[in-house]
1. Which number comes out as Rg/Rh for the stretch 276-402 once both Rg and the Kirkwood Rh are worked out on C-alpha atoms?
2. Return the loop-located trypsin sites (Lys or Arg not before Pro) in the stretch 1-85 (DSSP other than H, G, I, E, B) with at most 10 other Cβ atoms within 10 Å of their own Cβ; answer none if there are none.
3. Taking K and R as +1 and D and E as -1, what net charge do the other residues with C-beta under 14 Å from the C-beta of LYS128 add up to?
4. Can you give the alpha-carbon Rg of the stretch 1-117 over 2.2 N^0.38 Å, where N counts its residues?
5. Sorted from fewest to most neighbouring beta carbons within 10 Å, what does the list TRP49, TRP401 look like?
6. Order these by the 10 Å Cβ neighbour count, fewest first: PHE114, PHE179.
7. Would you calculate a helix-derived [θ] at 222 nm for the chain, using -39,500 (n - 2.57) for each DSSP H run of n ≥ 4 and dividing by the full residue count, to the nearest 500?
8. Under a Cβ-only charge scheme (Lys and Arg +1, Asp and Glu -1), can you give me the dipole magnitude of the chain about the Cα centre, in debye to the nearest 20?
Amino acid sequence: MNTKALLQSYTLPCGVMIKNRIAKAAMTERLANKKQEVTKELIHLYDHWANNGAGLLITGNIMVDARYKEASANIVLEDEKGVSKLSEMIKAGTKNDTQLWAQINHAGRQASIFSTFKPIAPSAIQLKKLMLFAKPKAMNVEQIKDVENRFVNTAILSKKAGFTGVQIHAAHGYLLSQFLSPKTNQRTDNHGGSIQNRARLLFDIVKRVREELGENYPISVKLNSADFQRGGFNEEDALYVIKKLESLQIDLLEISGGTYENIIFLTQRYQRESTKQREAYFLDFAKKIRKETALPMMVTGGFRSHAFCNQVLENKELEMIGFARPFLVDKDFPKQFLKDEQAKVDDATFNFKIKKMKDFAEAGFYDYQIHQLAKGKELKPDYNPYLAVLRLTTNELRKGWF
Ligand SMILES: Cc1cc2nc3c(=O)[nH]c(=O)nc-3n(C[C@H](O)[C@H](O)[C@H](O)COP(=O)(O)O)c2cc1C
């Protein structure tokens, strides 16, 4: 077996080369200032990551509309003002020939009450989780067009700011994913009903972003293989969307799964025996669609050993491997992982008894680790998960309301 697969470069359909097969998947940093602009912590964080060897870094979600953020301290990129502020972070994150792509997003009904009491969504269906989300208003046609324009605008500004690529977030239950799912999209106009209609907004955005950014610029879409909800977006829907995305000439499809109702992209290891046996989540789905599409693919979720990643690349199951939490468990990931065939990175283990809030504790725990890295401090694997929940909530409250 060629054990060097992880180290090989990959050239995307648009012609841009990624120096190796490891990508840092998007992780919300929650480090912007009150004006939703870049801080010195963000610059330090991307400087640190660009020094550690990953071929591709995808930012945490950057919001296309300040009114509907995923978290209070998200970066928002709506106008030229944001462009100049981002340049230092981009300069740091593109060192050593590192690709740095902006993940762009709109939270829709998953904008928490710390962000807004008046969220918008395809239909007025509330997310009922820990009383953190208000009932959304169903969007009218003008609002849908406005969202389309905003995604295109933020993509243009991202390129202008110097990001070397852009990723449109259509997974994890955020607005575009809400449109895709029949559970959250019960519209009766031409944005609801069939998968053709539910995917219309995503396709319109991707088409225009390609037109605006040109054929040589990397465009990626993050998509759920399924929502893992009864009556939600399923694998058949995903296959339809993927084939169409191929015809719209995207460069990299990132596959994930789940929404806030079932955060399977974070918690699958607690849930499925089959996943415990096979390291990665969603890989079986990727194998299925491999027969149907030539789109370059990346799966994120659960990859933890060099040998397994290498094997997946060798078998041509994927072109890129996405990692998130390993970057927060091993401070210098993937420096060692890239060259050591025996390398393995374990998930943090922590004891948290409140089942309903386990995903919240996990998010809080890793949020804390990101902030440690960003301040140039050591990671704390023994950080108390109950404290993590308290800290995350207090931060959201403080930054969102005060
Ligand atoms: C702290 C944290 C923040 C995250 N933020 C985002 C995000 O902004 N956008 C996104 O698409 N996924 C986000 N994710 C999900 C990851 O990109 C990834 O899909 C998931 O963690 C599974 O990969 P892993 O097993 O390698 O951690 C986040 C995950 C974590 C742990």
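Bear in mind these aren't lab numbers, they're just calculated from the coordinates by the rules spelled out. Keep in mind it's a predicted model, so treat the numbers as computed, not measured. Cβ placement follows ideal geometry from the backbone for every residue including glycine, while neighbour counts extend to all protein chains displayed.
1. 1.04
2. LYS34
3. +4
4. On the way: Rg = 15.7 Å, N = 117, 2.2 N^0.38 = 13.4 Å.
Against the compact-globule rule of thumb, the ratio is 1.17.
5. Numbers: TRP49 22, TRP401 10.
Arranged by neighbour count, lowest to highest, TRP49, TRP401 become TRP401, TRP49.
6. Ranked by crowding around the Cβ, least crowded first: PHE114, PHE179.
7. Rounded to the nearest 500, it is -11500 deg cm²/dmol.
8. 900 debye
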